[in-house]
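Q: Structure in structure tokens, see below.
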Amino acid sequence: MGKRNSRTVYRREDKKWVDKRDDAERGFLFDTQKEAIKSAKQKLDNAGGGELSVKGLDGQIRSKDTIGGGNDPNPPKDKEH
């Protein structure tokens, strides 16, 4: 079985939001967090699934979600994503 895909959404110092694959050097830039999350979810779904981490303004992970590709062993109780 191959390595799972994982992406992180976070805000840069210039206030742009980034959707970045965790093993990549660069990511995709967006004006809003909502756009970046939508992009990350779509890319993970197209790649067969993976983990999405969203960081808050303080740089700390505020939510994690498993996207597509099978059974989530710990499905979220919230419906934020």
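The values are calculated or read from the model by the stated rules, or taken from the named source; none is laboratory data. Since we're looking at a predicted model, the values are computed, not measured. Heads up, the Cβs are rebuilt from the backbone with ideal geometry, glycines too, and the neighbour counts pull from every protein chain shown.
Q: Restricting the range 1-28 to residues that are loosely packed, with under 15 Cβ neighbours inside 10 Å and of a type in the set (A, V, I, L, M, F, W, C), which is modelled with the lowest pLDDT?
A: Ranking the qualifying residues of the range 1-28, first place goes to MET1.
Q: Could you check the range 1-22 and list, in sequence order, the residues that are over 12 Å from ILE67 (Cα atoms) and in contact with a strand residue (DSSP E or B) (Cβ under 8 Å, 6 or more places away or on another chain)? Full working, then the answer.
A: So in the range 1-22, the residues over 12 Å from ILE67 (Cα atoms) come out as 1-3, 8-22.
The answer is THR8, VAL9, TYR10, ARG11, ARG12, LYS16, TRP17, VAL18, ASP19, LYS20, ARG21, ASP22.
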